[in-house]
1. Considering region 113-164 alone, what residues qualify as being polar (S, T, N, Q) and over 26 Å from the mean Cα position of the chain (by Cα)?
2. Which of the residues spanning region 1-30 are modelled with pLDDT under 85 and either surrounded by 17 or more Cβ atoms within 10 Å (Cβ to Cβ) or touching an Asp or Glu at 6+ places or on another chain (Cβ under 6 Å) (or both)?
3. Quick check on region 75-83. Is at least one of its residues in contact with a strand residue (DSSP E or B) (Cβ under 6 Å, 6 or more places away or on another chain) and surrounded by fewer than 17 Cβ atoms within 10 Å (Cβ to Cβ)?
4. May I ask you to verify whether Lys54 is modelled with pLDDT under 85, within 17 Å of the chain's Cα centre (by Cα), open to solvent by 50 Å² or more (accessible area, probe 1.4 Å) and on the phi < 0 side of the Ramachandran plot?
5. Go through region 31-45 and count every residue that is in contact with a strand residue (DSSP E or B) (Cβ under 9 Å, 6 or more places away or on another chain), open to solvent by 40 Å² or more (accessible area, probe 1.4 Å), over 20 Å from Gly91 (Cα atoms) and not polar (S, T, N, Q).
6. Determine whether region 26-34 contains at least one residue that is closer than 30 Å to Thr166 by Cα, in contact (Cβ under 8 Å) with a residue 12 or more places away in the chain and within 14 Å of the chain's Cα centre (by Cα).
Amino acid sequence: MAEANWYVVHTYSGYENKVKADIEKTIENRKLHDLILEVAVPLENVTEVRNGAKKEVQKKLFPGYVLINMVMTDDTWYVIRNTRGVTGFVGPGSKPVPLTVAEMASLGIKVSDIVVDFEVGDTVTVMAGVWKDTVGVIQSINHGKQRVTIHVDLFGRETPVELNFTEVKKM
C-alpha cells in the first residue's frame, strides 16, 4: 500500500470545522479508516485584551484550510474533493502536493521515526522514483532527515544519489 502524507485542502472561510466533521462522517460511512488517517484544523492559543480584561481564545492558524493525513488514491481524492465546503486541494492544477517533513515540523506535526535494517556499506535496491530497480551501495545514513545516500554506477562513474528510507530495500 502507498504511504500516507499530509495534504492541505482549501475550504470556504468559516467552514473548516464543518468540513472536518463531514469528512470524518464520510470516513465512518465508507469505512476509509485505513486510507484517511486524520483530519485536522490547526488552532493556536491567543491572548486577547477586550475592555481591559485578558482572555485566552483559540484561533484558527490557517483560516480556510484543513489538513488531512491520507493515502492519495482516486477514491480518497474524489471523497475529499466532493465534500461540501471543499474548494480543492492545494497544489498546481488538480494535482495535490503533500507537505514536506520540514513544513509538518513547523506546524508541530511529528513524523514517526522509521527503523531501518541497513547500514553504511550495505547493498540496496531502489524501490521507487527515477532510480527504480537500480542497485547501489549505502555511503551515508541521515536518521534526522530519514534519508540515505547511495552510490550508483552512471556512465562508468560512481554517482551519489540521496533517497528516502522508504525508497530503498536491503538486498
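1. Passing the criteria: Thr123, Gln139, Thr159.
2. Ala4
3. Checking region 75-83: not a single residue is in contact with a strand residue (DSSP E or B) (Cβ under 6 Å, 6 or more places away or on another chain) and surrounded by fewer than 17 Cβ atoms within 10 Å (Cβ to Cβ).
4. It is false that Lys54 is modelled with pLDDT under 85, within 17 Å of the chain's Cα centre (by Cα), open to solvent by 50 Å² or more (accessible area, probe 1.4 Å) and on the phi < 0 side of the Ramachandran plot.
5. Result for region 31-45: 3.
6. no
The values are calculated or read from the model by the stated rules, or taken from the named source; none is laboratory data. On a predicted model such as this, the values are computed, not experimentally measured, just so you know. Positions of Cβ are generated from backbone atoms using ideal geometry, with glycine treated the same way; all protein chains shown enter the neighbour counts. These area figures cover heavy atoms from the full protein model, side chains too; ligands, DNA and RNA do not enter into them. Shrake-Rupley method; radii C 1.70, N 1.55, O 1.52, S 1.80 Å.
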